[in-house]
Each structure stands twice: as C-alpha cells, then as structure tokens.
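I have placed the structure first, in the form of structure tokens, so that the comments after it can refer back to it.
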Amino acid sequence: MLTYTTAGESHGKCLIAIVSGFPAGIQLDESDINEELKRRQGGFGRGGRMQIESDRVCILSGVRKSTTIGSPVCLKIENKDSKIDVLPDVTRPRPGHADLAGIIKYGQKDVRNILERASARETAARVAAGALAKILLARFDIKVLGYVKGIGGINSKKIAKTPNEILINRNKSKVYCLDKLAEAKMIEKIKKAKKEGDSLGGTIEIVAFGVPPGLGNHTQWELRLDGILAGALMSIQGIKAVEIGLGFGFSRKFGSQVHDEIFYCEDKGAFSRTTNNAGGIECGMTNGEVVIARAVMKPIPTLMKPLRSVDIITKKPESASTERSDVCAVPAVSVVGEAVVAFEIARCFMEKFGGDSINEVTRNYEGYLKQICAI
C-alpha cells in the first residue's frame, strides 16, 4: 500500500516525509519536488518566515542513480530557522489554534510544545510526498491541479476546462487564481487585512484530469474515495469545510436538475456525461469524469491585533500570543490541497493496479483499460 508519514517541528532541525509502497523503476529528480516546495512558499500574503526559508528536498533513501528501487523513500527538508530549544515559552493560547486543546490533552505548561508541531510548516513535508505521487500519476496521464477560487469573500467565476488553461492562468497569478479581475480585488483585500493586523481565509479548488473509472470502492465506508479525499483535505491546517462536485449546491435543487445523465458514444466506444455535478465520483468510485474537490480555509488564527485569551499559568485575562505569521495563506494551501489529493488518488490507483515495479503497474493498468473497452 502506498502510504506516507511526516515528522518534524516548525523550528526544529528539519521536516521528514517517508513514503512507503512507491514502485521501483521511476526516475526522480529533486528539482521536480523543489518546484512544488517553492510554490507552497509563494503567493501574495505570506509572512516573514518565507523570506528566511528556501525549501529544498534531500532524498535520503529509496533511490539509487536517480531511480526508485522499491524501498521507502525518505525526504528531508532542512529548517534554516531551527531554534526550537532557545525560543521563549508561550503561555497565552491563540483562539482558533491548537494551543489550548493541545496543552490540555498533553498536560503541558508551554504552548510551544504544541504549536511547533501543529504549525502549517509541517505541510512542506506533505507537499514533498505529494510531488512523488504526482510524478507517479503523470506516467498514466493523470494530472492533479490546485488553484484559488476565493479569498475573503471575493470569488473567481472563471472555469478552466483543460490542464494547460489552468497552468497558464494560475502560474501568472500572485494569488494562484484563474481570474485576473478577481485577483486584483483579492490582493487589495489582503493589503487591507495586513494594515489592520487581521487575516483572511478563502476557498481552493482541486481538479484531477485523466482519472480512470473504478478508483475507490462502494463496498465499505472507509474505501469510498470521496470520503478519503474529504478526510485528506480536512486534515490540512486551517481547513474547515470540504465539498465534492456541486457540494452544498445539491441542497438547493431537485434531483432532476443535478444528477449527471449517462450517454454512450458509439464512435469512441465509451460512456460519457454532459454535466459533472458529481465531481467525478459516484458512490465512492470515480466514474471517468474530472474529479473536483473544494475546501474552505479559515483565516489564520495568529493576529497582529490579538484576540482575548487567558494566561495558562496565572489564569488572568491576557491578549493572545503572537507569532511570525502570514496574513493570507490560501494560495499556499491550494498547493498543499493539490498534494494531498494527488497522494490519495495515487494510493487508490496503486491499490487497484499495484505492483512492485512501474512496469508491473503499467501492465495491470493497460489490461484494465482493455477490459473497460470490452464492456
């Protein structure tokens, strides 16, 4: 099974991601992973930490002569700002962060023992793992792309229909948005929030092109792909809501208006849809359409004009603590969302077509495609 785990603290020596179950025979270039790490650090609204760190990966294991060998792939990202042992204690928990719940759970007197691991800095390791998944999926013409749909109530209405269209527009945008008009308004709102010592959240969208039908499973609740993707996205720091396809829009319409009618094309010998309200997933399984997931990120809880809190030592009212932080990290979270969705799709792909080498996986996948054509 394709899995990953991460380790490391925000101001510790490094972050680690260990990816197990990755097939042998795939060429890996650290520059491909570094490109994803650089995107995570970008986007208008990031804070001072991004001016200190310049994330680069070091592959410690699982690769020989730039090719995977089937053993666990260990990825290390060093922290330049590694001063965890000398940083001051924190005793004023921030509303909206892991601070208070964490110290209660672990019986701590210093919030730093919680916030260092709870920090979104951990997502650099997830992006590195997701980069491996994207490299694997690309071998089968599956492309997973994330971008910003809205920030602070300003929403993009532009809909991209192809991967190239997304890449061209997203990569030109300071907020990773596809809509130039919306982008300008988002930047102005971020500037305003920074001036007022506040923060902003927003909405991201992740789309996966070329995903074959049949990934995921309807037979058990934990195997349903929509549930898996929702869990992966909700696990990202700051994410508070997820929807697949039309999502919450299903609640406002009749069944006749939302279910994607099925057609059969004799020329292509394949089933098709003219709409995709299901977001490419029906009853926990991909149906061959583009997979679409959205997630909402709350505003960052670290505020330069801090909210009210209580000192955990004195129990007296205090302002919440402040840490170096972003004003808006929605562009960055779109990169993280892309990574976790890519990894879960790759995991389900390997569950269905898995093998120890990329040649075995390819043979299994090609056999499945022939089976589909015979239906």
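The values are calculated or read from the model by the stated rules, or taken from the named source; none is laboratory data. Since this is a predicted model, take the numbers as computed values, not measurements. Reconstructed Cβ throughout: ideal geometry from the backbone, glycine too, with neighbour counts over all protein chains shown. Surface areas here come from the heavy atoms of the whole protein model, side chains and all, with no ligands, DNA or RNA. Shrake-Rupley method; radii C 1.70, N 1.55, O 1.52, S 1.80 Å.
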Take the alpha-carbon centre of segment 173-211, take the same for segment 240-292, and report the distance between them in whole Å.
-> 27 Å
Farthest toward the dipole's positive end in segment 49-125, which of Ala125, Gly96, Asn79, given Cβ charges of +1 (Lys, Arg) and -1 (Asp, Glu) about the Cα centre?
-> Ala125
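Could you tell me which of rounded, prolate or oblate describes segment 236-326, using a ≥ b ≥ c as the square roots of the eigenvalues of the alpha-carbon gyration tensor, with rounded for a/c under 1.5 and, failing that, prolate when a/b is larger than b/c and oblate otherwise?
Values: a/c = 4.93, a/b = 3.46, b/c = 1.42.
The shape class here is prolate.
Normalised by the residues of segment 69-191, what does the relative contact order come to in percent, with Cα pairs under 8 Å and at least six apart?
Details: 89 pairs, mean separation 19.4, N = 123.
So the answer I get is 16 percent.
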Just read off the accessible area of Thr162 with the full protein assembly in place, 1.4 Å probe, to the nearest 10 Å².
-> 60 Å²
Candidates Ser256, Ser173, Ser319: whichever shows maximal mean-square fluctuation once the chain is modelled as a Gaussian network with Cα springs under 10 Å = Ser256
Just read off the accessible area of Lys352 with the full protein assembly in place, 1.4 Å probe, to the nearest 10 Å².
-> 90 Å²
At 7 Å along the Cα-to-beta-carbon direction for both Cys373 and Cys283, put a label point, then send me their distance in nm to one decimal.
-> 2.7 nm
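Can you work out the FRET efficiency for the pair Thr219 and Glu196, with r the C-beta to C-beta distance and R0 = 56 Å, to the nearest 0.05? Please report the intermediate quantities before stating the final value.
On the way: r = 51 Å, r/R0 = 0.92.
That gives a FRET efficiency of 0.65.
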Residue span Lys180 to Glu165: 0.36 nm per residue of separation minus Cα-Cα distance leaves a gain in nm of 4.0 nm
For segment 167-235, with the dipole built from +1 on Lys and Arg beta-carbon atoms and -1 on Asp and Glu ones, taken about the Cα centre, which of Asn171, Gly201, Ile228 lies farthest toward the positive end?
-> Asn171
If one computes P(r) from the Cα atoms of the chain, what percent of pairs lie at distances over 38 Å?
-> 21 percent
In segment 119-133, which residues have a backbone nitrogen under 13 Å from the label point lying 7 Å from Tyr106's Cα in the Cα-to-Cβ direction?
-> 119
By how many degrees, between 0 and 90 and to the nearest 10, does the Cα long axis of helix 330-353 differ from the longest principal axis of the chain?
-> 40 degrees
Taking segment 133-213, which GluC sites (Glu not before Pro) meet the DSSP loop condition and have no more than 10 other C-beta atoms within 10 Å?
-> none
Listed residues Arg64, Arg92, Arg170; largest mean-square fluctuation, Gaussian network over the chain with Cα springs below 10 Å, found at Arg64
Using R₀ = 41 Å, calculate the FRET efficiency as 1/(1 + (r/R₀)^6) where r is the Cβ-Cβ separation of Asp32 and Phe263; round to 0.05.
-> 0.60
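Using mean Cβ contacts within 10 Å as the protection proxy, how do 338-345, 305-312 order, highest first?
Working: 338-345: 27.6, 305-312: 14.2.
Put in order of decreasing packing, that is 338-345, 305-312.
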If R0 is 22 Å, what FRET efficiency do you get for Phe254 and Thr274 from their C-beta distance, rounded to 0.05?
-> 0.80
Between the Cα axis of helix 225-234 and the main Cα principal axis of the chain, the angle (0 to 90°, nearest 10) is 20 degrees
Considering only Ser199, Ser334, Ser31, give the residue with the highest GNM mean-square fluctuation for the chain, with springs between Cα atoms whenever their separation is below 10 Å.
-> Ser31
